[in-house]
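For reference, the structure discussed in these notes is given below.
The values are calculated or read from the model by the stated rules, or taken from the named source; none is laboratory data. This one's a predicted model, so the numbers in the text were calculated from it and none came from an experiment. Note that each Cβ is placed from the backbone with ideal geometry, even for glycine, and that neighbours are counted across all protein chains shown. Each accessible area value is taken on the protein alone, full model and side chains, heavy atoms only, with ligands, DNA and RNA left out. Shrake-Rupley method; radii C 1.70, N 1.55, O 1.52, S 1.80 Å.
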Amino acid sequence: MKKFTVAILVNNQFGVLNRVTSMFRRRQFNITSLTVSETESESFSRITVQSEGDEVKKEQLINQLYKLPDVCSIAELDNVDTVGRELLLIKMRNDPAVRGDIRSASTAYEGKVVDYTKESIIIQMVGDSRKIDNFINLMRDFEIMEICRTGLVTLQRGSTTIRRVTNL
């Protein structure tokens, strides 16, 4: 199945997120990444959803999303004309035998140690999904205590904005 990302501009109101995600559930799409935040205007929120599915079902989903009263605009985002990032916090066991290897890998991936105790090291990393996935896979050779990562945040390059799609 093909991965796709959509940004959905919605009215910033109670229950909108539930109605949007329910549409994905009803259409049997698994959400692999979800990020929601207020926009530059407190009247609107932006929901960025990453999922997998075939082209026909995806188009049906988008058409159904447009029918929701609080949906103002939808933009399908590709990897070519967008800038996207995720945030990772990963807590590693602070084992003296491998501490140097963990720190070296973190530096190579442009990670930043944000907490250091006798028991653990927490590394922060910002990057595209592939970079985050690769770093996590590398860290699996050591003892990962906990992982927390955000969903994808992404914007279209240039002057295109999600608000221009619908002329708000």
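Looking only at residues in region 30-87 that are closer than 18 Å to residue 150 by Cα and of a type in the set (Gly, Ala, Ser), which one is most open to solvent (accessible area, probe 1.4 Å)?
37
Being open to solvent by 60 Å² or more (accessible area, probe 1.4 Å) and over 20 Å from the mean Cα position of the chain (by Cα) narrows it down to one of 119, 110, so name that one.
Working: 110 fails: over 20 Å from the mean Cα position of the chain (by Cα).
Going through 119, 110 in turn, just one is open to solvent by 60 Å² or more (accessible area, probe 1.4 Å) and over 20 Å from the mean Cα position of the chain (by Cα): 119.
Take residues that are of a type outside the set (Asp, Glu) and farther than 30 Å from residue 11 by Cβ and tell me which of the strands (runs of 3 or more DSSP E) falling wholly in region 44-131 contain 3 or more. Let's see the steps before the verdict.
Numbers: elements: 44-53, 71-77, 82-93, 112-116, 120-127.
Those strands (runs of 3 or more DSSP E) span 82-93, 112-116, 120-127.
What number of residues within region 138-154 are part of a loop (DSSP other than H, G, I, E, B), in contact with a helix residue (DSSP H, G or I) (Cβ under 7 Å, 6 or more places away or on another chain) and either modelled with pLDDT of 95 or more or surrounded by fewer than 17 Cβ atoms within 10 Å (Cβ to Cβ) (or both)?
The initial filter retains those residues of region 138-154 that are part of a loop (DSSP other than H, G, I, E, B), namely 140-143, 150-152.
Then keep just the ones that are in contact with a helix residue (DSSP H, G or I) (Cβ under 7 Å, 6 or more places away or on another chain); that gives 142, 152.
Remaining after also requiring either modelled with pLDDT of 95 or more or surrounded by fewer than 17 Cβ atoms within 10 Å (Cβ to Cβ) (or both): 142.
Within region 138-154, residues that are part of a loop (DSSP other than H, G, I, E, B), in contact with a helix residue (DSSP H, G or I) (Cβ under 7 Å, 6 or more places away or on another chain) and either modelled with pLDDT of 95 or more or surrounded by fewer than 17 Cβ atoms within 10 Å (Cβ to Cβ) (or both) number 1.
All but one of (1) at pLDDT 95 or above; (2) in contact with a Phe, Trp or Tyr (Cβ under 7 Å, 6 or more places away or on another chain); (3) among the hydroxyl-bearing types (Ser, Thr, Tyr) hold for residue 51; state the number of the condition that does not hold.
Here residue 51 clears every test but (1).
State all residues of region 50-77 that are within 30 Å of residue 140 (Cβ to Cβ) and not small (Gly, Ala, Ser); if no residue qualifies, say none. Please lay out each step first, then the result.
Just the residues of region 50-77 that are within 30 Å of residue 140 (Cβ to Cβ), to begin with: 50-53, 77.
50, 52, 77, listed by residue number.
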